[in-house]
Amino acid sequence: MNIKKLSNIDPKISIALENVTISYGKFIAVRNIYCKIPKGKVTALIGPSGCGKSTVLRSINRMNDLIENCSLKGRILFEGTDLYHPNIDPVEVRRRIGMVFQQPNPFPKSIYENIAFGARINGYVGDMDELVEKSLKQAAVWDECKDKLKESGYSLSGGQQQRLCIARTIATQPEIILMDEPCSALDPISTLKIEETMHNLKKRFTILIVTHNMQQALRVSDFTAFFNAEKEAGGDGGKVGYLVEFNTTKKIFNSPLQKATKEYIGGKFG
Amino acid sequence: MRKGLNDLYLLRSRSKSEKFVDKGFKTLAIGMAAMVAIVLIAIIIVVIFGAKESIGKYGLNFLVISEWNPVTDRYGAFTAIYGTLLTSLASILIAVPIGVGTAIFITEDILPRKIRDFIGILVELLAAIPSVVLGLWAIFVLEPFLRPMLTSVYNTLGWIPFLGTKPIGPGIAPAIIILIVMILPIITSISRDSLNQVPNTLREAAYGIGATRWAAIFNVLIPAAISGIAGGVLLALGRAMGETMAVTMIIGNSNNFSWSLFSPGNTISALIANQFGEADGTQVSSLMYAALVLMFLTLAVNVIANLVVKKLSLKY
Amino acid sequence: MTKSSIQYKPTTKSKLYFDAKLTRNILEIAYTLIAGIFSLLAILPLVSVLTYVLIKGGSQINFSLFTQLPEPPGDDFLSAGGIGNAIIGTFIVTSIGALISIPIGIGGGVFLAEYSKGGNFSKFIRFGTNVLSGVPSIIAGVVVYSIIVTTGILFGASFSAIAGGIALSILMLPTVIKTTDEGLKLVSNELRKGAMAIGASRFVTITRITLPSAFTPIATGILLAIARAAGETAPLIFTGLFSFYWSNTPTSLLEPIASLSVLIYNFALEPYEAQNQLAWAASFVLLTTLLILNILARYLRRYSILEKR
């Protein structure tokens with residue numbers, strides 16, 4: 001049980017990616033990522049499709065373990081602990097780093113059970129009714145759900161389902177919440193509601209969000225990481241993603257240091 | 001229209017023969033489909049008509065009389081009905097956990113995909129073994145192998161009425177085992193298909209909130225796949241009730257009623273297979289009556305299966 | 001953590017490493033082990049059956065097995081002859097079953113997939129197909145016996161190869177209908193619309209476009225139906241019966257006929273060693289054939305999946 005601890009743990013840093021390269025079989029999705037995600041802030045991951053930002057996000061709570069031929073080189077440090085050390089229990093990782101997915105994916109259970117299930121497997125011993133109510137309120141769906149807690153999670157609209165999924169994640173009290181394009185399947189009004197929810201959440205959680213929507217990144221995030229993908233010289237023609245620039249959102253949008261960032265953001269807004 | 005189009009495309013206005021073929025083909029297809037109905041109705045009529053004499057003579061008492069005696073010409077199907085229900089239900093009870101467990105084992109990423117696929121193929125090939133070959137295997141391999149074990153169970157638990165006879169050869173217990181072997185592939189492959197159809201997003205949702213593999217399986221994947229699994233189980237139950245050859249060869253074909261699992265017994269299909277060839281008069285009619293009961297049982301299971309699948313299907 | 005009343009057991013104290021002593025992790029391993037044991041139990045019978053059939057049946061394979069006739073018990077205690085007529089008989093009876101059920105089944109499947117619009121008739125046919133596939137095989141035998149064997153409706157014949165084939169066709173029919181129906185449903189509707197749009201008739205669309213594109217799934221299903229029918233016994237014991245002679249003239253279609261499955265059934269129950277041995281040999285031949293058919297069907301199916309990509 002010898003998990004390396006770095007002596008210089010920065011209490012302000014939640015996740016540190018050190019030279020992370022992720023591949024699917026022979027195909028390299030992203031390479032050589034170095035990045036430090038600050039604690040208690042919202043960090044947006046942006047970039048063109050296929051640049052590997054979702055792959056990076058999913059690697060942080062080891063969801064990529066579910067993909068058979070996915071492998072990772074380098075280190076991802078969570079408060080100084082290497083998440084890919086062989087002694088790490090991925091289940092434990094996911095209990096401390098929760099995730100909200102692109103498509104709302106409530107369980108085929110009642111709204112109440114959707115929340116209670118996650119809390120229960122995380123060993124929650126408090127008052128379940130209270131937790132359900134509190135989580136739904138934090139995720140701003142309580143009003144829509146309070147009269148039908150026993151009904152199926154699927155009886156809600158898409159936007160409500162996604163907030164139910166957020167509530168489900170909150171209920172397990174993770175330290176970090178990963179959000180993989182949480183609004184891409186939703187209409188503008190639901191999107192707005194989710195963004196409001198995120199504003200409330202960032203007081204208590206570190207949030208990482210992948211988004212295609214520049215305005216959304218601008219609205220919700222404190223920091224932004226811009227990814228891009230390029231054909232590798234001598235590669236087999238597949239695009240390989242890499243991190244172009246990481247900075248405060250303000251800087252990325254107003255005065256990016258890299259030309260690629262400028263062009264991408266200019267193009268998206270212009 | 002351009003001039004001369006009808007000279008270049010001769011079939012633009014459809015010829016009579018073409019229309020005839022088109023229409024005839026449709027009629028033919030309808031006729032072929034109707035054959036299903038005709039065959040089904042023929043089966044029902046033949047069985048009911050054949051059973052008429054026995055129904056008139058015994059009525060519903062047929063279901064509760066355990067005497068089956070061609071010498072005195074008195075017939076009751078209770079022994080066979082009890083055997084059919086006991087063997088099929090007992091085999092389902094044991095085959096469900098094994099089959100569903102196997103299905104989980106080969107759908108989740110416990111082993112490398114190649115090994116899992118190989119196990120899946122083996123289980124499906126098990127379904128390809130004809131029932132008569134399984135019967136042969138049961139007589140010469142399975143039953144001699146089981147007998148010492150069953151005997152020791154009898155020696156210790158023989159005071160329980162269900163285990164109260166000494167295992168001496170063919171009997172209900174080996175028939176149950178052979179039925180398990182026959183319905184396992186059905187349960188496994190249908191459960192496997194249903195589990196594979198559960199969208200991956202649900203699996204991710206469960207893992208995403210920190211569920212362990214089996215917490216996800218028990219709480220999310222199995223509930224999501226339950227309609228398919230239940231349908232498969234009921235299909236297997238129907239198959240077990242109607243299964244003939246392997247059971248006939250190993251159950252002992254005794255019409256003397258006994259509660260015991262270790263005694264020889266009978267099922268409806270085994271009874272028919274054994275006696276129909278040499279029967280006449282009321283015996284034939286009684287066998288037909290038994291066939292009617294069997295058809296009713298399997299039909300009921302099939303109808304319930306359809307209802308259950310509809311009732312349990314979750315949308316996701 | 002938070003100061004509210006929401007509290008968790010102090011599992012979060014652990015520093016993310018895998019702790020094998022946790023109840024949760026012990027249970028994980030236990031469940032996985034149980035599932036593994038169940039999988040072993042599930043394949044054990046297959047391994048055992050294959051081994052015994054291979055050893056007990058395979059050891060007897062020689063040329064005369066295929067050329068000789070079986071002998072009833074009692075004549076010769078050392079040998080029970082061969083299974084030549086049973087092999088031919090199984091081939092004949094299964095072929096008759098296939099010849100009857102394939103055209104009817106494909107026709108019915110075409111109706112369900114291409115013509116029906118979900119009316120009561122098609123609902124009834126679908127339901128009937130399901131019910132028919134659930135009818136125990138012994139009942140098919142009983143019914144064919146009552147309609148054909150006892151009445152002598154087929155040129156006065158009683159037990160006959162044709163009666164056996166008809167009984168098998170009842171079992172094959174629902175499978176052929178279902179695979180045709182499902183196979184045709186896999187064909188993209190765009191293809192159908194395309195054919196209609198250039199003025200093809202329904203008949204041409206079905207026979208030239210949709211049926212050929214659904215060829216592999218339908219062929220797979222039919223192959224499996226044939227494999228299943230070839231191993232069936234129950235429908236044959238009162239219809240095809242059995243014969244100790246060759247079925248080599250056209251009129252032998254109207255006479256009782258031998259088959260591998262009935263031979264196994266009859267000879268397995270004989271108290272004579274030689275007959276039992278012949279049953280094992282017949283099992284070897286039957287099982288090998290069926291496994292080859294099944295593997296062929298599997299190969300076809302994989303081929304069709306690759307084709308779709």
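Among DSSP beta bridges whose residues both lie in the protein assembly as shown, state the antiparallel percentage, nearest 5.
So the antiparallel bridges amount to about 65 percent of the total.
Kirkwood hydrodynamic radius computed over segment A:98-233 comes to 15.3 Å, based on all pairs of distinct alpha carbons.
Only helices reaching 24 angstrom along their own axis (Cα) with mean Kyte-Doolittle hydropathy no lower than 1.0 count here, and for the DSSP H runs of chain B these are B:16-58, B:78-107, B:172-197, B:222-242, B:282-312.
Solvent-accessible area assigned to carbon and sulfur over chain B amounts to 67 percent, based on a 1.4 Å probe. Under a straight-distance cross-link criterion of Cα-Cα below 16 Å, which aspartates and glutamates are reachable from residue C:185, leaving out those fewer than 8 residues away in the same chain? The reachable aspartates and glutamates, counting only those whose Cα sits under 16 Å from residue C:185, are C:114. Ratio of Rg to Rh for segment B:1-112: 1.39 [Cα atoms; Kirkwood radius as inverse mean 1/r over pairs].
Given Cβ point charges of +1 (Lys, Arg) and -1 (Asp, Glu) and nothing else, what value in debye, to the nearest 20, does the dipole of segment B:52-315 about its Cα centre take? Could the numbers behind the result be given before it?
Working: 15 positive and 13 negative charges, 123 e Å.
It works out to roughly 580 debye.
Database remark: amide H of residue A:14 closer than 5 angstrom to the amide H of A:37, A:39 (H placed geometrically; neighbours at sequence offset of 5 or more, or on other chains; Pro and chain starts carry no H).
Compared with the dominant principal axis of the Cα atoms in chain A, helix A:128-138 is inclined by about 50°.
How much area per residue is accessible in the protein assembly as shown when the probe is 1.4 Å and only protein heavy atoms are counted (Å²)? Accessible surface, normalised per residue, equals 44 Å². Toward the positive end of the charge dipole of segment B:172-316, with +1 on the Cβ of Lys and Arg and -1 on the Cβ of Asp and Glu, the farthest Cα among B:298, B:227, B:205 is that of B:205. Eigenvalues of the alpha-carbon gyration tensor of segment A:177-263, scaled by 5 and square-rooted, set the equivalent ellipsoid semi-axes at 27, 16, 12 angstrom, largest first. Summary of packing: across the peptides C:222-233, A:175-186, the per-residue average of other C-beta atoms within 10 Å ranks them, highest first, as C:222-233, A:175-186.
Ranking A:191, A:215, A:255 by Cα position along the charge dipole of segment A:123-270, where only Lys, Arg, Asp and Glu carry charges on their C-beta atoms, puts A:255 farthest toward the positive end.
Burial here means at least 40 square angstrom less accessible surface with every protein chain in place than with the chain by itself, probed at 1.4 Å; in segment A:46-82 the buried residues are A:66, A:68.
Sparsely packed loop sites in segment C:117-188 (the chymotrypsin sites (Phe, Trp or Tyr not before Pro) outside DSSP H, G, I, E and B with at most 11 other Cβ atoms within 10 Å) comprise C:155.
Under 20 Å from the 7 Å Cα→Cβ point of residue B:9, by amide nitrogen: which residues of segment C:180-206? Of the residues in segment C:180-206, C:191-206 have backbone N under 20 Å from the label point off residue B:9.
Packing around the peptides C:38-47, B:159-168, taken as the average count of other Cβ atoms within 10 Å per residue, puts them in this order, highest first: C:38-47, B:159-168.
Among A:102-111, C:62-71, C:210-219, sorting by the average number of other beta carbon atoms lying within 10 angstrom of each residue, highest first, gives A:102-111, C:210-219, C:62-71. Structure remark: mean-square fluctuation, Gaussian network model of chain A, C-alpha springs under 10 Å; the largest value among A:160, A:138, A:258 belongs to A:258.
The mean number of Cβ atoms from other chains found within 10 Å of a Cβ in peptide C:84-95 is 0, as a whole number. Scanning chain C for DSSP H helices at least 30 Å long along the axis (C-alpha atoms) with a Kyte-Doolittle mean no lower than 0.0 picks out C:23-52, C:84-110, C:161-186, C:273-308. Here the dipole of segment C:128-228 is about 240 debye; that uses its Cα centre as origin and unit charges on the Cβ of Lys and Arg (positive) and Asp and Glu (negative). Report the number of Lys pairs in segment A:46-161 whose alpha-carbons are under 26 Å apart, with separation of 8 or more residues or on distinct chains. Close lysine pairs found across segment A:46-161: 12. Rounded to the nearest 20 debye, the dipole magnitude of chain C is 2340 debye, with +1 charges on Lys and Arg beta carbons, -1 on Asp and Glu beta carbons, and the Cα centre as origin. Across chain A the C-alpha pair distances fall into 5 Å bins from zero in the proportions 1, 6, 12, 16, 18, 16, 14, 9, 5, 2, 0, 0, 0 percent.
Taking chain B as a Gaussian network of alpha-carbon nodes connected by springs under 10 Å, the highest mean-square fluctuation of the residues B:195, B:146, B:157 belongs to B:157. Think of the protein assembly as shown as having a plus end and a minus end, set by charges on the Cβ of Lys, Arg, Asp and Glu; of C:36, A:136, B:252, A:136 sits farthest toward the positive end of this dipole.
With one equal scatterer per alpha carbon and no solvent term, the Debye-computed log10 I(q)/I(0) for segment C:157-216 at 0.19, 0.24, 0.27 1/Å reads -0.72, -0.91, -1.03.
On the principal axes of its alpha carbon atoms, chain C extends 92, 65, 35 Å, with the longest extent given first.
Rg over Rh of segment A:42-96, using C-alpha atoms and the Kirkwood radius, what does it come to?
Rg/Rh for segment A:42-96 comes to 0.97.
Burial of accessible area (probe 1.4 Å, heavy atoms of protein chains only) in segment B:128-152, relative to its chain alone, reaches at least 30 Å² for B:128, B:129, B:130, B:132, B:133, B:136, B:137, B:140, B:141. Counting every pair of alpha carbons in chain B, the share spaced more than 37 Å apart comes to 35 percent. Counting Cβ atoms of other protein chains within 10 Å of each Cβ in A:111-122 and taking the mean gives 3.
Across the protein assembly as shown, Cα-Cα pairs more than 36 Å apart make up 59 percent of the total.
For the segment B:42-54, counting C-beta atoms of other chains within 10 Å of every residue's C-beta and taking the mean gives 3. Using a 1.4 angstrom probe on protein heavy atoms only, the contact between B and C buries about 6400 square angstrom of accessible area, both sides summed.
The values are calculated or read from the model by the stated rules, or taken from the named source; none is laboratory data. Keep in mind that this is a model prediction, so the values were computed, not measured. Because the Cβ atoms are built from the backbone with ideal geometry, glycine has one as well, and the counts that use them run over all protein chains shown. All accessible areas refer to the heavy atoms of the entire protein, side chains included, with ligands and DNA or RNA removed. Shrake-Rupley method; radii C 1.70, N 1.55, O 1.52, S 1.80 Å.
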